[in-house]
Amino acid sequence: MRRWLPASLIAGALVFSVAVYSRLPDHVPVHWDISGDPDRLGSRLEGAFLMPLLMIVLYGVMQWFPSRDPRAANIAKFRAAYDTVVAATIAFLAVVHVLVLGGGLGWPINMTTVVLVGLGALFIVLGNLLPLVRSNFIFGIRTPWTLSSDTVWTRSHRVGGYAMVAAGLLTVVSAFLRPPLSVGVALTSLACAAIVPIVYSYVLWSRERGGPSGNA
């Protein structure tokens with residue numbers, strides 16, 4: 001089911017584009033500033049079909065990559081979680097696509113608020129799945145230190161999962177703050193979620209090998 005869901009979402013996005021294409025204006029908002037106001041217009045064709053095209057390319061790449069990984073056997077161990085990540089990512093883009101066309105149709109949408117809520121929800125999903133990920137070269141916290149030690153990999157992904165869930169929750173909350181504070185809180189929390197497990201992986205690796213951090 002997880003493997004078919006992204007394809008179904010892409011097909012739904014294309015169907016929606018075709019259904020509303022004739023009602024779209026010649027120029028559609030395709031980019032918004034941090035206040036949620038459109039700051040770039042694209043053609044009707046771009047607004048209707050660029051995002052579905054990107055979804056198709058991304059889906060194809062995410063399906064192809066696991067077979068190219070030297071540790072593909074490890075990916076098979078968490079394939080259900082990986083497929084959920086793919087589906088969640090495509091779902092997020094599908095929601096953004098519908099909102100872009102909705103903006104073109106005159107729907108009263110604050111894109112900053114909706115995108116931050118969606119992005120936060122995506123990070124919560126990823127954070128919950130991250131501890132299930134096994135050592136590989138295409139997905140996860142892939143530092144030299146996690147890739148050199150299964151113990152460091154496992155513990156770093158557990159901490160990274162907590163960090164991503166926390167960042168996701170903060171991002172959802174930030175959606176209801178006034179810009180630019182909302183965007184600042186979201187970006188800061190997401191940056192911390194990326195940095196914390198990287199630093200933690202180095203500390204664990206140093207301790208494991210009796211390095212400076214381990215002797216401190």
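The values are calculated or read from the model by the stated rules, or taken from the named source; none is laboratory data. The structure presented is a predicted model; accordingly, all values stated were derived computationally and were not measured. Using ideal geometry, Cβ is built from the backbone for each residue, glycine included, and neighbour counts are taken over all protein chains shown.
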TODO: Tell me which of these ARG44 doesn't satisfy, since it passes every other one: (1) in contact with a His (Cβ under 9 Å, 6 or more places away or on another chain); (2) assigned by TED's automatic domain parsing to the domain that holds LEU181.
DONE: (2)
Open item on the list: Can you pull out every residue in the stretch 147-185 that is crowded, with 23+ Cβ neighbours inside 10 Å and over 19 Å from ASN128 (Cβ atoms)?
Closed with: VAL152, SER174
Open item on the list: What pairs come out if I take residues in the stretch 102-125 that are more than 22 Å from ILE90 (Cβ to Cβ) and in contact (Cβ under 8 Å) with a residue 60 or more places away in the chain and pair them with residues that are surrounded by fewer than 20 Cβ atoms within 10 Å (Cβ to Cβ) and of a type outside the set (A, V, I, L, M, F, W, C) whose C-beta lies under 6 Å away, six or more apart or interchain?
Closed with: ASN110/GLY36
TODO: Out of the residues in the stretch 170-204 that are of a type in the set (Phe, Trp, Tyr) and assigned to a helix (DSSP H, G or I), state the one that is nearest to TRP145 (Cα to Cα).
DONE: TYR202
TODO: Consider only pairs whose beta carbons are under 7 Å apart and that are at least six residues apart or on different chains; among these, list those whose first residue lies in the stretch 165-185 and is closer than 19 Å to VAL196 by Cβ and whose second residue is part of a loop (DSSP other than H, G, I, E, B).
DONE: VAL185/LEU177
